[in-house]
Structure formats: C-alpha cells, structure tokens
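Peer 1: Shown below is the structure under consideration.
The values are calculated or read from the model by the stated rules, or taken from the named source; none is laboratory data. Please read all numbers here as calculations on a predicted model, not as lab measurements. Here Cβ is always computed from backbone atoms with ideal geometry, including for glycine, and neighbour counts include all displayed protein chains. Quick note on the areas: whole protein, heavy atoms, side chains included, nothing else; ligands and nucleic acids left out. Shrake-Rupley method; radii C 1.70, N 1.55, O 1.52, S 1.80 Å.
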Amino acid sequence: MAEIFLIVFAALALDYLLGEPSRWHPLVGFGNLAGFVEKRLNPLDDAGESSASRQRGVSAWLLVVVPWVALAIVAQVFATAYHWMYPTFAMFVLYLAIGRQSLVEHARAIADPLSASKVADSEADQLAELENARIAVGMIVSRDTSDLDEEQIASAATESVLENGADAIFCVIFWFAIAGIPGVVLYRLANTLDAMWGYRSARFNQFGWCAARIDDVLNYIPARLTAASYAAAGHISTAVHCWRTQAPQWKSPNAGPVMAAGAGAIRVQLGGIAVYHGEAQERPPLGSGESPSASSIYRAINLVDRAALVWLLVLFLMSLAVHFLF
C-alpha cells in the first residue's frame, strides 16, 4: 500500500512539473487507431447514418482494447520480477494516464480571457476576449459553443473541470490502486473510446453502445468516491445535499454525482439549457449558489487540487494502517 501511495504521489508530481507530453502521447496514437477501426467497422450511408449493430461495436471495442490490456499484464508481470523496475515503470504509465495539468491549462485558457473581458478598455477588446474564451471552451466540451454568452461559457468550463477531474485524475488513480498497470490501461482506453464513440447519435447510437456502457461500469465506484472527495474538500453540507437531490435527475449515472457534488462544494449554479448537435436540451440544475463566472472556473480547479490532496491523504493513511496492522 505504501508503494501505491508513493507511485501515485510521484506520478502527480511529474504531471505537475512536466505536463502532458506535447508529442508522441500514447493516447493520441490510440485515438488514431480507434478512428481507423471505426471507419471500417461502422460505415455510414449518404445521410451520415450507421447501419452497424451493437455486436459490431462490441467487436471493435475488444479489437482495440484487449491487445493493449494483455500487453500491460505481461509488462506488469515482467516488471514485478525486478523489484526496482516496477515502481519506475508504473509511475511512468500513471503519469501518461493522468491529465491534471492538461485539464488546468485548458480551463485557465477559458477563465483568463473571461476575467480579462471584465477589465477590457473597449467594447471591441471585451468582445475579442469573450471570443477567445468561446474558442477555448469549444476545445474541451461537446456542446455547440458558437453562440454562448459569458455565463454559458463559464458554466460549460466549470462543468468540464469537475467532470474531467474524475475522468483524468481520480478514476485513473482508483483503477491503478485496484488493478495496477493493466487497470490504468483498461480504464484510460475505455474512457477514450467513450469520448469518441459513446454518443446517442445516428452514427454511434448502436455502434458506440458498448463503449458507453463499459465506461459507465468502470466509472461507477470511482465517480462516487470523486463526489465524496469534492464534498470533503469544499462546502460539505451543500455538496452532499446537491448530490442527494440533483444527481438522480441527471441522465448520466456517473457525471450526475460528480458535477452535483462539485457544484455544491464550490457553491455555484450549473446545468440548464445546452445545445448539442443543433438541438437545445434542458438539463436539470446542478449545485446551488452564484451564477457561473471566471471565478467559478478557478474555484473548480482549486477544488480538484484539494480533492487530490484528500485522495493522497487517504492512500497515506491506508498505507500506515496496512503497515501497523499487517
């Protein structure tokens, strides 16, 4: 258990110091492979609709994930045989899988121009800063962003920080603690496929069903642990109340608890109307408090960092308990 704590701590430190590799990132290569396979197993007609079955989507998922998980199992067995090798190798894999620094950089690229728009010297400068924020938020969310106003930009960014804090940090740590390197590889690849294929659209409704369901299963426990850590790191009573009353109304079984607890923890009101693929969707409210702004994005970043400290503290205490009890 102490080894797990030290590896997680070192991986988070590496991510903080080095950030995401700018070239040759394995997940970028995996995304290209997944796109290649999807084009061949999920053909579209002239209207852009797919006739592929769920079974073909299952086959595609297995084809692109299982070989890498098998390779990770072999690598872990080999590295474990050399006690000096495993911690270093595991730290490197975990560092590649964790995306805290990338998440923060993308979030600040939205929050900074939003803040600057408040003190712009002219209306033209204000509009330019808002457009910069609008372009930046379009890089990290799937909703249509071309017509978002200041509050909607801040809401989208805050929701993204809270949700992706779970996907890019805490769920990765959870699966490393549970299943080591193979757990990290399985989770990160499954999560990537959900982001690529897990849409309820004419193209992916059947083909992407498997990717979406597997991601739901893998996220179920760590998403709730993330929500609990958000509550512990913020305004706990508001976070727990929002989690209990709002999360069941959210269509995603995992994003609901994470975003409801996170929004409550920083006391901001999220949710509401969002446009996806040209269609407006009325979403349930999330959180309670002030309207979203650049400040709520910064507070979401700080909440994620405090929650990471909570996870490290829990891992440290568990390692102490294992040491003294066993």
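Peer 1: For the range 142-182, what does the alpha-carbon gyration tensor say about shape, rounded, prolate or oblate, given a ≥ b ≥ c as the root eigenvalues, a/c under 1.5 as rounded, and a/b over b/c as prolate? Don't jump to the answer; show the numbers that get you there.
Peer 2: Working: a/c = 7.57, a/b = 3.51, b/c = 2.16.
Prolate, since a/c reaches 1.5 and a/b exceeds b/c.
Peer 1: For the chain, just say rounded, prolate or oblate: build the C-alpha gyration tensor, square-root its eigenvalues into a ≥ b ≥ c, call rounded for a/c under 1.5, and beyond that prolate if a/b exceeds b/c, oblate if not.
Peer 2: Working: a/c = 1.65, a/b = 1.16, b/c = 1.42.
Cα axes put the chain in the oblate bin.
Peer 1: Okay, moving on. If you count, for each residue, the other Cβ atoms within 10 Å and average over each peptide, how do 54-67, 229-242 line up from highest to lowest?
Peer 2: Working: 54-67: 16.7, 229-242: 21.6.
Going from most to least packed, we get 229-242, 54-67.
Peer 1: For Gly271, what residues show an amide H to amide H distance below 5 Å, using hydrogens built from the backbone and excluding near sequence neighbours?
Peer 2: For Gly271, whose amide H was placed from the backbone, the distant partners under 5 Å are Leu286.
Peer 1: Karplus couplings for the range 98-107 from phi (6.51 cos²θ - 1.76 cosθ + 1.60, θ = phi - 60°), rounded to Hz, Gly and Pro as x?
Peer 2: So the Karplus estimates, Gly and Pro as x, are 7, x, 5, 5, 5, 4, 5, 4, 5, 5 Hz.
Peer 1: On the protein heavy atoms, probe 1.4 angstrom, tell me the percent of accessible surface of the range 1-325 carried by carbon and sulfur.
Peer 2: 62 percent
Peer 1: Indicate the gyration tensor shape class of the range 154-289 (rounded, prolate or oblate), computed on the Cα atoms with a ≥ b ≥ c the square roots of the eigenvalues: a/c under 1.5 is rounded; otherwise a/b larger than b/c is prolate and the rest oblate. Can you show the working numbers first?
Peer 2: Values: a/c = 2.22, a/b = 1.13, b/c = 1.96.
Cα axes put the range 154-289 in the oblate bin.
Peer 1: Antiparallel as a % of all DSSP beta bridges within the chain, to the nearest 5?
Peer 2: Values: 8 of 9 bridges.
Within the chain, antiparallel bridges account for around 90 percent of the total.
Peer 1: Please give, to one decimal in nm, the separation of the simple spin-label points placed at Leu18 and Thr88, each 7 Å out from Cα toward the Cβ.
Peer 2: 1.3 nm
Peer 1: Return the sequence-ordered ³J(HN,Hα) values of the range 290-301 in whole Hz as given by the Karplus equation 6.51 cos²θ - 1.76 cosθ + 1.60 applied to θ = phi - 60°, using x for Gly and Pro.
Peer 2: Taking θ as phi minus 60°, the curve returns 6, 6, x, 7, 4, 4, 5, 5, 4, 5, 5, 4 Hz for the range 290-301.
Peer 1: Just to confirm, what accessible area per residue do you get for the range 98-146 at 1.4 Å probe, in whole Å²?
Peer 2: The answer is 51 Å² per residue.
Peer 1: Each residue of the range 234-250 in order: what ³J(HN,Hα) in whole Hz does its phi give by Karplus 6.51 cos²θ - 1.76 cosθ + 1.60, θ = phi - 60°, with x for Gly and Pro?
Peer 2: x, 7, 5, 5, 5, 4, 5, 4, 5, 4, 5, 9, 9, 4, x, 7, 7
Peer 1: Taking the mean number of other Cβ atoms within 10 Å as a proxy for protection, how do you rank 181-191, 201-211 from highest to lowest? Mind showing how you got there, number by number?
Peer 2: Working: 181-191: 24.4, 201-211: 20.1.
Ranked from most to least packed, the peptides come out as 181-191, 201-211.
Peer 1: Find the relative contact order for the chain and round it to a whole percent, using C-alpha pairs within less than 8 Å whose residues are 6+ positions apart. Present the calculation step by step, with values, prior to reporting the outcome.
Peer 2: Values: 502 pairs, mean separation 68.3, N = 326.
Worked out over the chain, it gives 21 percent.
Peer 1: Going highest first, how would you order 89-100, 124-135 by mean Cβ packing within 10 Å? Write down the numbers at each step before the final one.
Peer 2: On the way: 89-100: 21.8, 124-135: 16.4.
Ranking the peptides 89-100, 124-135 by packing returns 89-100, 124-135.
Peer 1: Now for a separate question. Could you tell me the accessible area of Lys251 in Å² (1.4 Å probe, neighbours in place), rounded to the nearest ten?
Peer 2: Here the residue's solvent-accessible area equals roughly 150 Å².
Peer 1: What is the spin-label model distance, in nm, from Ser122 to Leu312 if the labels are put 7 Å beyond Cα along the C-beta direction?
Peer 2: Result for the modelled spin labels: 4.6 nm.
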